[in-house]
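Report on the structure given below.
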Amino acid sequence: MTAASIHPTALVDDQAIIGSNVAIGPYTIVHKNVSLGDNTVIGSHCELGCPASDAAHGGMLSIGKNSLIRSHSVFYEGSTFDQNLTTGHRVTVREQTRAGKNFQIGTLGDIQGHCRIGDFVRFHSNVHVGQKSSIGNFVWIFPYVVLTNDPHPPSEVRMGVVVEDFVAIATMSVILPGATIGRGALVAAHSSVARDVAPDVVVAGSPAKFVCNTDAIKMKDGSNASAYPWRRHFHRGYPPDQVLQWINEFTH
């Protein structure tokens with residue numbers, strides 16, 4: 001076991017569970033209801049285990065091993081993240097968020113809690129995720145995308161968005177309450193999605209409408225190969241066994 005490296009200006013509660021080889025940066029606060037997995041790095045000026053607005057939604061904040069939380073990020077209590085969580089700077093994650101392994105949250109990401117997020121999900125910067133959202137595996141959400149949840153604001157009604165596996169939502173799109181984005185679909189940039197999107201199709205516009213099937217979009221590399229499903233050709237950052245599974249999917 002390797003002792004944690006805690007900066008002398010950090011405030012770490014004695015009841016917090018700190019794994020082996022954890023590093024905690026200057027002026028960071030770690031509350032008592034926090035568990036940090038081995039080899040995790042926490043940047044400066046973070047707050048982990050921030051109290052939930054409703055104590056019934058509190059509890060342990062669990063960060064899996066080999067995670068990296070960059071400076072000025074705030075994670076509330078009562079959430080669970082599997083191994084290899086990575087964030088940008090100034091991220092906010094509210095209570096009751098459940099995320100799988102290899103989750104990436106870009107700078108200024110805002111997750112409003114009570115959400116379910118799968119494995120290998122990647123958020124770029126300035127993504128806002130409303131409460132009750134459900135996001136599958138291998139999903140890409142690009143900058144300034146908003147997943148909303150109030151069908152007639154302001155109200156106490158919450159209707160979460162469902163994003164299925166392998167979906168890509170392009171820059172500055174808005175997904176309205178209760179919509180489901182089907183497996184492998186592409187939401188084009190600057191779209192407003194108000195109704196369900198079928199699997200493996202492209203939608204665009206405001207309101208978003210069907211454009212074509214995803215396999216009609218060709219790579220701009222001169223090959224004229226289909227750009228989608230993207231897992232056919234894009235493998236950077238994914239484990240070899242997963243990549244092999246995708247290769248077999250498209251070669252047999």
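The values are calculated or read from the model by the stated rules, or taken from the named source; none is laboratory data. These numbers were taken from a predicted model, which means no experiment stands behind them. Neighbour counts run over all protein chains shown; Cβ positions are idealised from the backbone, glycine included.
Summary table
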item	result
Failed criterion for P143 (all others in (1) in a loop (DSSP other than H, G, I, E, B); (2) farther than 20 Å from L186 by Cβ; (3) more than 10 Å from the chain's Cα centre (by Cα) hold)	(2)
Residue count, the stretch 1-16 (criterion: buried (at least 16 other Cβ atoms within 10 Å of the Cβ) and either modelled with pLDDT of 95 or more or in contact with a helix residue (DSSP H, G or I) (Cβ under 8 Å, 6 or more places away or on another chain) (or both))	4
Single residue of the stretch 67-90 satisfying the filter (under 11 Å from the mean Cα position of the chain (by Cα) and crowded, with 21+ Cβ neighbours inside 10 Å) that is nearest to Y238 (Cα to Cα)	L85
Those residues of the stretch 143-175 which are without any contact (Cβ under 8 Å) to a residue 40 or more places away in the chain, within 30 Å of G237 (Cα to Cα) and not β-branched (V, I, T), in sequence order	P143, Y144, L147, E164, A170, M172, S173
Residue ID - farthest from the chain's Cα centre (by Cα), chosen from residues in the stretch 216-252 that are acidic (D, E) and at pLDDT below 95	D221
Matching residues, the stretch 153-171, being farther than 11 Å from W140 by Cα and buried (at least 19 other Cβ atoms within 10 Å of the Cβ)	G160, V161, V162
From S173, S71, S155, residue being polar (S, T, N, Q), under 26 Å from T2 (Cβ atoms) and out of contact with any Pro (no Cβ under 7 Å at 6 or more places or on another chain)	S71
Given (1) closer than 30 Å to E156 by Cβ; (2) buried (at least 21 other Cβ atoms within 10 Å of the Cβ), number of the condition T40 does not satisfy	(1)
Any hit, the stretch 199-211, residues being of a type in the set (V, I, T) and within 27 Å of K101 (Cβ to Cβ)	no
Checklist (1) more than 25 Å from D38 (Cβ to Cβ); (2) over 11 Å from the mean Cα position of the chain (by Cα); (3) touching a residue at least 24 places away in the same chain (Cβ under 8 Å) applied to N126, failing item	(3)
Of all residues making up the stretch 187-210, the number that are hydrophobic (A, V, I, L, M, F, W, C) and either touching a Pro at 6+ places or on another chain (Cβ under 8 Å) or under 17 Å from V146 (Cβ atoms) (or both)	9
The listed residue being of a type in the set (S, T, Y) and buried (at least 18 other Cβ atoms within 10 Å of the Cβ), out of S223, S191	S191
Inter-residue pairs, beta-carbon under 7 Å, first under 25 Å from D54 (Cβ atoms) and in the stretch 82-94, second among the charged types (D, E, K, R) and surrounded by fewer than 23 Cβ atoms within 10 Å (Cβ to Cβ), 6+ apart	D82/K101; T87/R70; T92/D110
Test result for S155, in a loop (DSSP other than H, G, I, E, B), among the hydroxyl-bearing types (S, T, Y) and in contact with a Leu (Cβ under 8 Å, 6 or more places away or on another chain)	no
Residues of the stretch 80-127 satisfying the condition of being among the basic types (K, R) and touching a Phe, Trp or Tyr at 6+ places or on another chain (Cβ under 9 Å)	R94, R98, K101, R122
Residue check, R183 of a type in the set (K, R) and closer than 25 Å to R231 by Cβ	yes
